[in-house]
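The values are calculated or read from the model by the stated rules, or taken from the named source; none is laboratory data. Predicted model, so just to flag it, every value in this text is computed and none were measured. Heads up, the Cβs are rebuilt from the backbone with ideal geometry, glycines too, and the neighbour counts pull from every protein chain shown. The area values use the complete protein model at the heavy-atom level, side chains included, leaving out ligands, DNA and RNA. Shrake-Rupley method; radii C 1.70, N 1.55, O 1.52, S 1.80 Å.
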Amino acid sequence: MSTTGTRTVRSFCRICTAVCGILVDVEGDQVVRVRGDKDHPLSHGYTCAKGRALPALHHHPERFERPLLRVDGELRPVSWEDCLDDLGERLRTIIDADGPEAVGVYFGSGLGMDASGYRMVEALFAAIGTPAKFSPLTIDGTAKTLVAHLVGGFPGFSSHIDYDHATFVLYIGVNPVVSHGHNIALPDPVTEIRKVRSHAEVWVLDPRRTETARLATRHLAPRPGTDYAVLAYLARELLRDGADREVLEHRTIGRDELATAVEPFTVERAATIAGAAEAELAELLAAIRRAGPVAIHTGTGVTMGAVNGNVTAWLSWVLMILTGAMNRPGGLWFHPGFKLQFESFELPVLPPDALFGRGPRSRPDTQSFLGEWPCAALPDEIRAGNIRALLNLGGSILASFPDANVLEPELRSLEVLASTEIIPNPTTDISTHVLPTKDQLERADLTIWDFLVPRISMQHTPPVVDPVGDRRSAWWVLAELGRRLGHDLADPGGTDDEMLARTMHAARCGFDEVVESGYVELPVEVPSPWVETYLDRSGGWRLAPQLLVDQLAELEPPAPLVLIPRRQARKLNAALDFLGEAPEVILHPDDARDAGVVDGQPVVIRTGRGELTGIARVDAAIRRGAVSVPHGHHDANVNLLTDKDVIDPVTGMVRYSGVPVTVEPAG
Ligand SMILES: Nc1nc2c(c(=O)[nH]1)N[C@H]1C(S)=C(S)[C@@H](COP(=O)(O)OP(=O)(O)OC[C@H]3O[C@@H](n4cnc5c(=O)[nH]c(N)nc54)[C@H](O)[C@@H]3O)O[C@H]1N2
Ligand SMILES: Nc1nc2c(c(=O)[nH]1)N[C@H]1C(S)=C(S)[C@@H](COP(=O)(O)OP(=O)(O)OC[C@H]3O[C@@H](n4cnc5c(=O)[nH]c(N)nc54)[C@H](O)[C@@H]3O)O[C@H]1N2
Ligand code: SF4
Ligand SMILES: [Mo]
């Protein structure tokens, strides 16, 4: 093929938080290829199948190019003016009648990587003044934030493994080889894990022998939702012998309370709860005692356990504290931020109840967490008439919220369901307004979640191609909607870069410097003085927050057969389904035999809430009692099985792992 007329644009991928550097080849308005950028300081030429699918996403045959408005039951193309006027007027009428609370806002993942769009969502949300904020926080995981807050005193502690100097890495319920990490990104995971294994032991706790577990030193497969028992046992034994005495004496609060809480977790008890061999647990303890600091990365296998996820996340922190890993080489470093700079002001030491507030009226069993309402509460709030309009900003609600059978009719009953999107999904199919925003190749952008990047860095990309059709910048769409509601949020004539520059106000360098070089990085300091100063003020890590001690005491054993979640390599949640991942249901040969199911056969997975049909993959690499169902399939939607009422009462996180199921052959 001739390369005449091909130009190459240096950019970075914003499908996930790994933000790999990419080179995009363009011919005219055709995006022909995405390759890894070998000179990129973070990703060194690495890309995954999802990043390389950006051209296909951009050229998707059904992509949205024009605003759509539902008229007589049908979505029809209209002008921006007409679409936004209609939307603005309906929202105004609803707000005038019922107040801003009647408008819910979902901060979906699709706008989560659009720096200027996301900033405008925040501005619009604040201007409307509704408390009804929803985001993936309560369907992905609240446990890490809760624990950073309760143990650390500050929810913004974002811990990263010091991979270069680690001696012991423990992955719990996370599969970075497929996911590139949970929130905290690990670009090029296979290379990174192989490298770390040259100087560290890598252990994995996961009911399934995952792609990551295959690269590890050891894999243990506790029963789903029982990791806490393993960690409680380790903490109990380390408190007797092996804990870092210096840290324990000078940097912790609540040693006795912790000792009391974990005392029942003898090796016998932990092994029974986790369905593990006592010898394996003893080997893990011995390996930790040999290694010193334990650096832990937990994932959705932990956070999606809801209540047990809180306890597991807590005891993970405890293990890292006891082994002296916090803010130490070879352990964890805490990201100080690039835009915000934690060392530049006095970080607050928050009281335990600081993050909670009033929850939705229809769900007295819930409260707000970090200013957000549980996604699980959405259907009840709609049914009660409290929410009449929903702004779905880059979300795939029907695939991602629990209890899809209950949720769908409620979403359909909304007077307004407005979605900013790039391609159709079942939620846009039932929307009243579809607002086509620029996809990532069409917009200038900046690193948005700087705390999740494993460097103190910032990058900028210009747009790669012009927007197709009538697509507009998300910030413009939202500012124009705001204007119709009486709020002056931005100059509609501004440029994307002007909006981005606003997000960099008071950052470590000026916006122009990032634009010029594309990538700016500062060295990581471990230990970092700002963390130590903070601990001086806070009195140290709180080892035994009462709320978590109480939750530990109330945990119950998992059901005999439970659903566990799984990411797939060629999907991003419910997006990129055109890459053709099948909804394979992985189950152990013994469970398959009991259910009368053979490999490759269609199977029905059922709960009290609903059922789905997937393809059985019978595999001894998963432990007995766990059924792994991938997330994000529209035709085999795992959220037909989940329950809006089974949540962590503290944070509202819905239980997506450990859901009791039955399995039988389809048909
Ligand atoms: N049962 C169960 N439920 C789950 C999960 C699970 O494992 N099991 N996973 C949970 C997790 S971890 C999460 S994070 C949530 C995700 O929940 P959502 O954020 O609701 O889901 P996504 O599928 O990521 O939807 C992102 C949407 O953004 C669109 N999009 C992509 N790029 C752009 C863009 O540039 N602009 C705009 N406007 N839109 C864009 C995509 O087409 C896609 O439809 O789901 C949660 N739900
Ligand atoms: N390719 C790809 N990458 C993605 C995504 C995607 O959809 N596809 N989604 C992105 C998003 S939004 C997120 S939140 C992250 C999630 O990133 P991860 O948290 O790494 O998600 P998974 O890859 O599903 O890994 C979770 C693991 O937890 C295990 N597990 C389930 N229950 C338990 C349990 O009770 N205990 C233990 N120990 N393990 C358990 C599962 O078997 C699974 O291997 O991935 C991100 N990256
Ligand atoms: S890991 Fe894949 S999806 Fe994530 S940023 Fe890199 S190329 Fe994009
Ligand atoms: Mo997520």
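A compact table of results
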read-out	value
For T252, distant residues with modelled amide H under 5 Å away	W541
Average accessible surface area per residue within the range 524-606, 1.4 Å rolling probe, Å²	45 Å²
C-alpha long axis of helix 307-322 to longest principal axis of the chain, angle in °	60 degrees
Nearest-20 debye value, the range 6-58 charge dipole, Cβ charges on Lys, Arg, Asp, Glu	140 debye
Per-residue ³J(HN,Hα) for the range 69-78, Karplus 6.51 cos²θ - 1.76 cosθ + 1.60, θ = phi - 60°, Hz, x for Gly and Pro	10, 7, 10, 6, x, 10, 7, 10, x, 9
Solvent-accessible surface (1.4 angstrom probe) belonging to Y118, in square angstrom, nearest 10	40 Å²
At 0.692 mPa s and 37 °C, Stokes D of the range 562-665 from Kirkwood alpha-carbon radius, µm² per second	236 µm²/s
Contact order relative to length of the chain, as percent, for alpha carbon pairs under 8 angstrom and 6 or more apart	20 percent
Partners for K438 among lysines (Cα-Cα distance below 30 Å; same-chain residues under 8 apart left out)	K38, K50, K133, K339, K571
Gained length - R194 relative to V349, 0.36 nm times residue gap less alpha-carbon distance	52.0 nm
Surface accessible to a 1.4 Å probe, D497 within the full protein complex, Å²	50 Å²
Per residue solvent-accessible surface (Å²) - the range 214-300, probe of 1.4 Å	41 Å²
Cut-off under 5 Å, modelled amide H: who pairs with R617 long-range	V585, I586, L587, G600
Test item: Cα-centred dipole of the chain, Lys/Arg +1 and Asp/Glu -1 on Cβ, debye	1180 debye
Equivalent ellipsoid semi-axes, the chain, via Cα gyration tensor eigenvalues times 5, rooted, Å	38, 29, 26
Cα centroid separation - the range 10-84 against the range 525-585, whole Å	29 Å
Relative contact order (percent, whole number), the range 562-665, Cα cutoff 8 Å, 6+ residue spacing	38 percent
Cα gyration tensor shape for the range 399-509, rounded if a/c is under 1.5, else prolate or oblate	prolate
Ranked order, C375, C16 - accessible area, probe 1.4 Å, largest first	C16, C375
Unit charges at the beta carbon, dipole of the range 50-95: most positive-side option, L54, L75, F64	L54
From phi via Karplus (6.51, -1.76, 1.60), per-residue ³J(HN,Hα) for the range 437-446 in Hz, x at Gly/Pro	9, 4, 7, 5, 7, 9, 10, 6, 7, 10
Accessible area, probe 1.4 Å, largest first, for residues T607, T662, T260, T6	T260, T662, T6, T607
Chain lengthening between D96 and R537 when straightened (0.36 nm per residue, less Cα-Cα)	154.1 nm
Share of carbon and sulfur in the accessible heavy-atom surface of the range 6-58 [1.4 Å probe, %]	49 percent
Surface accessible to a 1.4 Å probe, C13 within the full protein complex, Å²	10 Å²
In degrees, nearest ten, helix 115-128 long axis to first principal axis of the chain (Cα)	80 degrees
Ellipticity estimate at 222 nm from DSSP helix runs (n ≥ 4, -39,500 (n - 2.57)) divided over the chain, nearest 500	-9000 deg cm²/dmol
Amide H within-cut-off set for V464, under 5 Å, with H built and near neighbours excluded	E442, R443
Positive-end residue of T651, L414, I161, charge dipole of the chain with Cβ unit charges	I161
Whole-angstrom gap from the range 414-489 to the range 349-408, using each part's C-alpha centre	22 Å
Cα shape, the range 153-258, gyration tensor, a/c 1.5 rule	prolate
Potential lengthening between R361 and D72 on full extension [0.36 nm per residue; Cα-Cα distance subtracted]	100.8 nm
Crossing angle, helix 474-484 versus the chain [Cα axis fit, 0-90 degrees, rounded to tens]	60 degrees
Per residue accessible area in Å² of the range 68-206, where ligands, DNA and RNA are left out and the probe is 1.4 Å	32 Å²
H60 versus E283: modelled label distance in nm, points set 7 Å from Cα along the beta carbon direction	4.5 nm
Hz values of 3J(HN,Hα) by residue in the range 653-659 - Karplus curve (6.51, -1.76, 1.60), Gly and Pro given as x	4, 7, 7, 10, 10, x, 7
